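Worksheet: one structure, shown below.
Just so it is clear, none of the values below were taken in a lab; they were calculated from the coordinates. Here the structure is a predicted model, which means the values were calculated and not measured. Ideal geometry is used to build each Cβ from the backbone, glycine not excepted, and the neighbour counts take in all protein chains shown.
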Amino acid sequence: MIDIPGFKVLELAHLVLDYNGTVAVDGRLVPGVAERLETLAQDLQIHVITADTFGIVRQQMAHLPCQVSILGKESQAEAKLRYVQQLGAGQTVAMGNGRNDRLMLQAAGLGVAIMLAEGASGEAIRAADVMVRSITDALDLLLNPLRLTATLRS
């Protein structure tokens, strides 16, 4: 539980991650992500939801404690939203960078926009509660929740 005065109490059970542009650059997992996901998996169910642009997400995530879901090419934003809603949006932290992440970022109990090498959609940034400069910074918000409190309290 993370109690953020003036914002909300977060009782998170799920972490939903976009893949390309969020935890990976050019299809390859960003250094430092695997170790953080292994630690977070002790408290959260981790889900990676992606169109798998480079076709290697399963290979890259095979050794990690997470569920990988590959989407079709159409209606990705709506599919990601449905996924988060089925998990329980209020108990989910969603992280992404793309326009197709905007609906899940807005619906999640906590939405985090991330800007890696491919940039971040303005719509994703506006839909998120927090924006960070890297996936390691984003995951560290969950590992060090007082950072969230400092950013989101009012």
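Taken along the Cα-to-beta-carbon direction at a fixed 7 Å, the label points for Asp3 and Asp140 span 2.7 nm. Measuring nothing but how far apart in sequence close Cα pairs (under 8 Å, 6+ apart) lie, relative to its length, the chain scores a relative contact order of 26 percent.
Subtracting the Cα-Cα distance of Ser75 and Glu38 from their residue separation scaled by 0.36 nm leaves 10.3 nm.
What whole-number distance in Å separates the alpha-carbon centres of the stretch 19-41 and the stretch 42-117? If we compute the Cα centre of each part, the gap is 12 Å. Taking amide H positions as modeled 1.01 Å from N, with prolines and chain starts lacking one, the residues under 5 Å from Leu10 and 5 or more places away or on another chain are Ile2, Asp3, Ile4. Using the Cβ-Cβ distance between His63 and Thr149 with R0 = 41 Å, the FRET efficiency computed as 1/(1 + (r/R0)^6) comes to roughly 0.80. The peptide list 131-139, 53-61, 118-126, 67-75, put in order of mean Cβ contacts within 10 Å with the highest first, becomes 131-139, 118-126, 53-61, 67-75. For the chain, the equivalent ellipsoid derived from the alpha-carbon gyration tensor has semi-axes of 22, 17, 15 Å in decreasing order. Model label points for Arg99 and Gln86, set 7 angstrom from Cα along the Cα-to-Cβ axis, are 2.5 nm apart. Per residue, the convex hull around the alpha carbon atoms of the stretch 21-108 comes to 87 Å³.
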